[in-house]
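Student: Sharing a structure here in structure tokens format.
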Amino acid sequence: MYTTDLSRVGKSGLEAPARVEPAALLEKFEARVAADDFIEPKDWMPEAYRRTLIRQISQHAHSEIVGMLPEGNWISRAPSLRRKAVLLAKVQDEAGHGLYLYCAAETLGASRDEMTEALLAGRAKYSTIFNYPTLTWADMGAIGWLVDGAAIMNQVPLQRTSYGPYARAMVRICKEESFHQRQGYEIMMAMCAGSPAQKRMAQDALDRWWAPALMMFGPPDENSPNTAQSIRWRIKRETNDELRQRFVDATVPQAQALGLTIPDPDLRWNEAKGGYDFGALDWEEFYAVVRGEGQVAKERMEARRKAWEDGAWVRDAAIAHSAKRAKAAEAA
Ligand code: FAQ
């Protein structure tokens, strides 16, 4: 017999008693993961694996939903009908991503209500990046380019994550994120080819979003309590630092093509490693944002709480409607 360690999984993996796992089942599970088989909802899995997935997938879903707020704020102020239609489609996609992900987490036994309650009670996290304000139209460009760009870098490997429903959700999400990244870069291209004031706005947006985008990948590997086990279970396929490095290497030439300067005096090409060296990030700021002290964290949670409360009648009506249909079917 073997006890899986539940102490690291945290509250947002939703509550479950610690349990002793049968060694034979555990061995079979580990062999399947090692062979790159997908684990499916009806398959046996260790409790800590299930809770780690609920934690990560639900946090990912919450990020998509809270992530609609910074850009949603600009739909009515987009500078043309075309830009408005594109931004509207993009924000709507994020809602879809949240829904695929909540569905994937539901296959692990977490209900949508439980996950939402964990978010609203502050037990479940969402990405730090969405706690920064969107001050100008150039921020729409920077978010698409950098935030969706970082999201893709993180999510492409998740298409091969070991849990089948999460991996399949990621395939579609990555295709859509790729359009999102391009629409952001296209906004930046237009602004950088525009007036000097527009180019300054683009630079200012890059200055404000660069470091927060790098922090999206999570703490450095040596301070990432979940990475080692998640890599063993093939939930994560690459570490936070590996993905962050890949993002920097891909994004610096894109900034150069725009004629913008990455706000990092320590950024330089390192021939020996075939990648860029970059300056230390302010991890105190990251942990403060994770604790809920982000610039607009309070507004974000108030918006989500209001949406949940305002939507209560829709949920009640849907439940009443389905009960009525079930009763009618029973009577027929
Ligand atoms: N923000 O041990 P690790 C998007 C927490 S989607 C807040 O390294 P792990 C699309 C972490 O939860 C963006 N908290 O954790 C879009 C853990 O705390 P816990 C979201 C963070 O799970 C674009 C603690 O720190 N993407 O942007 C963050 O192995 C535009 C220790 O960290 C995903 O969720 C953070 N940035 O690795 C939408 C992708 N980083 O839970 C709208 C899936 C870490 O133990 C508009 N998730 N923490 O209490 C992942 O790949 C992983 O969960 C990581 C964190 C890499 C985020």
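The values are calculated or read from the model by the stated rules, or taken from the named source; none is laboratory data. In this text the structure is predicted, and so the values were computed from the model without any measurement. Methodologically, a virtual Cβ is constructed for each residue, glycine included, from the backbone with ideal geometry; neighbour enumeration extends over all protein chains shown. SASA here: full protein model, heavy atoms, side chains in, ligands and nucleic acids out. Shrake-Rupley method; radii C 1.70, N 1.55, O 1.52, S 1.80 Å.
Student: Surrounded by fewer than 23 Cβ atoms within 10 Å (Cβ to Cβ) and in a loop (DSSP other than H, G, I, E, B) - does that describe any residue in the range 160-172?
Tutor: yes
Student: If you go through the range 233-274, how many residues are within 14 Å of the ligand (Cβ to nearest atom), among the acidic types (Asp, Glu) and open to solvent by 40 Å² or more (accessible area, probe 1.4 Å)?
Tutor: So the count comes out to 2.
Student: Can you tell me which residues in the range 103-127 are open to solvent by less than 20 Å² (accessible area, probe 1.4 Å) and without any contact (Cβ under 8 Å) to a residue 60 or more places away in the chain?
Tutor: Passing the criteria: only 105.
Student: Spot the failing condition for residue 130; the list is (1) within 21 Å of residue 215 (Cβ to Cβ); (2) surrounded by fewer than 24 Cβ atoms within 10 Å (Cβ to Cβ), and only one is missed.
Tutor: (2) is the only condition that residue 130 fails.
Student: Specify which of the listed residues (52, 4) is in contact with a helix residue (DSSP H, G or I) (Cβ under 7 Å, 6 or more places away or on another chain), modelled with pLDDT of 95 or more, open to solvent by less than 70 Å² (accessible area, probe 1.4 Å) and among the β-branched types (Val, Ile, Thr).
Tutor: Working: 4 fails: modelled with pLDDT of 95 or more.
Selected residue: 52, the only one of 52, 4 that is in contact with a helix residue (DSSP H, G or I) (Cβ under 7 Å, 6 or more places away or on another chain), modelled with pLDDT of 95 or more, open to solvent by less than 70 Å² (accessible area, probe 1.4 Å) and among the β-branched types (Val, Ile, Thr).
Student: Which residues, counting only those in the range 54-82, are near the ligand (Cβ under 7 Å from one of its atoms), touching a Leu at 6+ places or on another chain (Cβ under 7 Å) and free of Cβ contacts under 8 Å to residues at least 40 places away in the same chain?
Tutor: Matches in the range 54-82: 64 only.
Student: May I pose another question? Mind listing just one residue for me: the one in the range 133-143 that is open to solvent by 10 Å² or more (accessible area, probe 1.4 Å) and β-branched (Val, Ile, Thr) and, of those, farthest from the ligand (Cβ to nearest atom)?
Tutor: Of the range 133-143, the ones open to solvent by 10 Å² or more (accessible area, probe 1.4 Å) are 133-137.
Right, trim to β-branched (Val, Ile, Thr) and you get 134, 136.
Numbers: 134: 11, 136: 17 Å.
Top of the filtered list is 136.
Student: Moving on. Filter the range 83-99 for residues that are open to solvent by 10 Å² or more (accessible area, probe 1.4 Å) and more than 10 Å from the ligand (Cβ to nearest atom) and give the result.
Tutor: 83, 84, 85, 86, 88, 89, 92, 96, 99
Student: Can you tell me which residue is nearest to the ligand (Cβ to nearest atom) among those in the range 144-188 that are of a type in the set (D, E, K, R) and farther than 16 Å from residue 249 by Cα? Please lay out each step first, then the result.
Tutor: Of the range 144-188, the ones of a type in the set (D, E, K, R) are 148, 160, 168, 172, 175-177, 182, 186.
With farther than 16 Å from residue 249 by Cα added as a condition, the list becomes 160, 168, 172, 175-177, 182, 186.
Working: 160: 13, 168: 15, 172: 13, 175: 13, 176: 10, 177: 7, 182: 13, 186: 15 Å.
Here the answer is 177.
Student: For the range 191-211, state whether one or more residues are surrounded by fewer than 21 Cβ atoms within 10 Å (Cβ to Cβ) and within 13 Å of the ligand (Cβ to nearest atom).
Tutor: Checking the range 191-211: at least one residue is surrounded by fewer than 21 Cβ atoms within 10 Å (Cβ to Cβ) and within 13 Å of the ligand (Cβ to nearest atom).
Student: May I pose another question? Go through the range 60-82 and give me each residue that's open to solvent by less than 40 Å² (accessible area, probe 1.4 Å) and either out of contact with any helix residue (DSSP H, G or I) (no Cβ under 6 Å at 6 or more places or on another chain) or of a type outside the set (Asp, Glu) (or both).
Tutor: From the range 60-82, those open to solvent by less than 40 Å² (accessible area, probe 1.4 Å) are 60-67, 70-72, 74-75, 78; that's our starting set.
If the condition is that a residue be open to solvent by less than 40 Å² (accessible area, probe 1.4 Å) and either out of contact with any helix residue (DSSP H, G or I) (no Cβ under 6 Å at 6 or more places or on another chain) or of a type outside the set (Asp, Glu) (or both), then 60, 61, 62, 63, 65, 66, 67, 70, 72, 74, 75, 78 are the ones that fit.
Student: Please determine whether any residue of the range 214-227 is within 22 Å of residue 148 (Cβ to Cβ), open to solvent by 40 Å² or more (accessible area, probe 1.4 Å) and out of contact with any helix residue (DSSP H, G or I) (no Cβ under 7 Å at 6 or more places or on another chain). First the steps, then the outcome.
Tutor: We begin by selecting, within the range 214-227, every residue within 22 Å of residue 148 (Cβ to Cβ); these are 214-219.
Filter once more, so that each one left must be open to solvent by 40 Å² or more (accessible area, probe 1.4 Å): 216.
Narrowing further to those that are out of contact with any helix residue (DSSP H, G or I) (no Cβ under 7 Å at 6 or more places or on another chain): none.
Among the residues of the range 214-227, not one is within 22 Å of residue 148 (Cβ to Cβ), open to solvent by 40 Å² or more (accessible area, probe 1.4 Å) and out of contact with any helix residue (DSSP H, G or I) (no Cβ under 7 Å at 6 or more places or on another chain), which makes the answer no.
Student: Here are some conditions: (1) touching a Gly at 6+ places or on another chain (Cβ under 7 Å); (2) within 13 Å of the ligand (Cβ to nearest atom). Residue 38 meets all but one. Which one does it not meet?
Tutor: With respect to (1) touching a Gly at 6+ places or on another chain (Cβ under 7 Å); (2) within 13 Å of the ligand (Cβ to nearest atom), residue 38 is out only on (2).
Student: For residue 213, indicate whether it is touching a residue at least 12 places away in the same chain (Cβ under 8 Å), assigned to a helix (DSSP H, G or I) and under 15 Å from the mean Cα position of the chain (by Cα). Spell out the reasoning first.
Tutor: Numbers: touching a residue at least 12 places away in the same chain (Cβ under 8 Å): yes; assigned to a helix (DSSP H, G or I): yes; under 15 Å from the mean Cα position of the chain (by Cα): yes.
Taking the combined requirement at face value, the residue satisfies it.
Student: Could I ask something else about it? Surrounded by 14 or more Cβ atoms within 10 Å (Cβ to Cβ), at pLDDT 95 or above and hydrophobic (A, V, I, L, M, F, W, C): is that true of residue 314 in this structure? Before you say what the answer is, go through the steps one by one.
Tutor: Details: surrounded by 14 or more Cβ atoms within 10 Å (Cβ to Cβ): no; at pLDDT 95 or above: yes; hydrophobic (A, V, I, L, M, F, W, C): yes.
Judged against the criteria, residue 314 is not a match.
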